[in-house]
Amino acid sequence: MKVNFFTPTREYLEKKDEFNKAISDVLESGNFIFGSQVSELEEEIKKYTGAKHAVAVASGTDALLISSHALGFKDGDEIITSPFTFLASTSCIAKLNAKPVFVDIDENTFNLDADKIEERITSKTKSILPIHLFSQMADMDKIMDIASKHNLTVLEDAAEAFGMQWGGSINKFRHSGTIGDIGIYSFFPTKTLGGYGDGGMIVTNNDTLAETARMLRVHGASKKYHYDYIGYNSRLDSIQAAVLLVKLKYIDNAIEHRQKVANWYKDRLSDLEYIKLPTIKGNQKPVFYAFNTLVEKRDELNNYLKENEIGTSIYYPIPLHLQKCFNYLGYKKGDFPVAEKLSNKALALPIYPEITENEVDFVCETIRKFYSK
Ligand SMILES: *Cc1c(COP(=O)(O)O)cnc(C)c1O
């Protein structure tokens, strides 16, 4: 049995007529840039997440860069973040000549260890950039407390976290991306809300940040051919917005299915001592964008699964402080032991709403077979 790590095809075939109509409506309208679908998607994202503003852009990466720019990251400003993430969470800082300052992660959640933030704060610290990874949010209670105590802004990388909600100590659930000053989602095809190409969204409750982001995505123009800033060309296509509007209608159902698949894995694997399953920390509503495990003999298991035609992914094989492009920051091996250890053990198993219980059975049986060899 072949089990894809991810496939968008099943969902497309299930709702083919709806997707085709949404796309052909755009083709017939001829409005490929800033068609009505883009502003409609912004409205729907506001409704769904409770954010006051939503600004659609060309990718999650651009959403991070534009948000960083809008927050004023520049010239050696220190931004505290995690080394265990996708490159874009840190390149947005470096691109603006600000300085990424890493703190290690929490072994149980893969997210920034909020207890280690304060020791890295200096007079140059400007912001905290938490990333909500795989299935759960970073500890937003602690992060927001530290930010307000030290007068720092917070940029939430919620690229993977669409639909996740943080309840925290006040038990008022708020969506990822809407708790800090500004937050971002990615619509990369694999993401929980994924398009048929690249796309991203900035969300904020701050009027000024929203206005700046709106200008920055169109070359910094306040109105056509009047440039207040040197910005970017970063717009979401009308076609992507149309696809995402269809997907957003079914997002709660998709999130429920992801939870069901996560439960299948837990039922079948929790007795194995060689594999550590995700645990959720804090009062929050998780979304299983990824099912990331920590396993013994990771590379051997990964090869064995590949031989058995099971797709997997390693998030992330090399933490950012050890990447060549960040050599200039002066970090070395051993600086962030938890992130380094998890890089050698992490293995993500296939999870998406359309995966079947039979397929999950096969993945779990194959894992058992490997460890009983
Ligand atoms: C996917 C992802 C991004 C980048 O999003 P793109 O839309 O691919 O540019 C940024 N941060 C994290 C944590 C991601 O997983």
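The values are calculated or read from the model by the stated rules, or taken from the named source; none is laboratory data. In this text, all values refer to a predicted model and were calculated from it rather than measured experimentally. Because the Cβ atoms are built from the backbone with ideal geometry, glycine has one as well, and the counts that use them run over all protein chains shown.
Go through the stretch 86-134 residue by residue and tally those that are part of a strand (DSSP E or B) and more than 11 Å from the ligand (Cβ to nearest atom).
Going through the stretch 86-134 one residue at a time, the tally reaches 10.
So Asp252 clears everything in (1) surrounded by 17 or more Cβ atoms within 10 Å (Cβ to Cβ); (2) part of a helix (DSSP H, G or I); (3) within 21 Å of the chain's Cα centre (by Cα) except one condition, right? Which one?
Asp252 satisfies all of (1) surrounded by 17 or more Cβ atoms within 10 Å (Cβ to Cβ); (2) part of a helix (DSSP H, G or I); (3) within 21 Å of the chain's Cα centre (by Cα) except (1).
Name the residues in the stretch 201-251 that are free of Cβ contacts under 8 Å to residues at least 40 places away in the same chain and acidic (Asp, Glu), would you?
If the condition is that a residue be free of Cβ contacts under 8 Å to residues at least 40 places away in the same chain and acidic (Asp, Glu), then Glu211, Asp228 are the ones that fit.
Residues in the stretch 192-231 that are out of contact with any Gly (no Cβ under 8 Å at 6 or more places or on another chain) and farther than 16 Å from Leu41 by Cα: how many?
13
Mind checking whether some residue in the stretch 90-99 is buried (at least 22 other Cβ atoms within 10 Å of the Cβ), closer than 19 Å to Met144 by Cα and not assigned by TED's automatic domain parsing to the domain that holds Pro278?
Restricting attention to the stretch 90-99, the residues satisfying the condition of being buried (at least 22 other Cβ atoms within 10 Å of the Cβ) are 90, 92-93, 98.
If we keep only those that are closer than 19 Å to Met144 by Cα as well, we get none.
Checked against the condition, which is being buried (at least 22 other Cβ atoms within 10 Å of the Cβ), closer than 19 Å to Met144 by Cα and not assigned by TED's automatic domain parsing to the domain that holds Pro278, the stretch 90-99 yields no hits at all.
Within the stretch 141-179, how many residues turn out to be part of a loop (DSSP other than H, G, I, E, B) and either over 11 Å from Ala51 (Cβ atoms) or free of Cβ contacts under 8 Å to residues at least 12 places away in the same chain (or both)?
15
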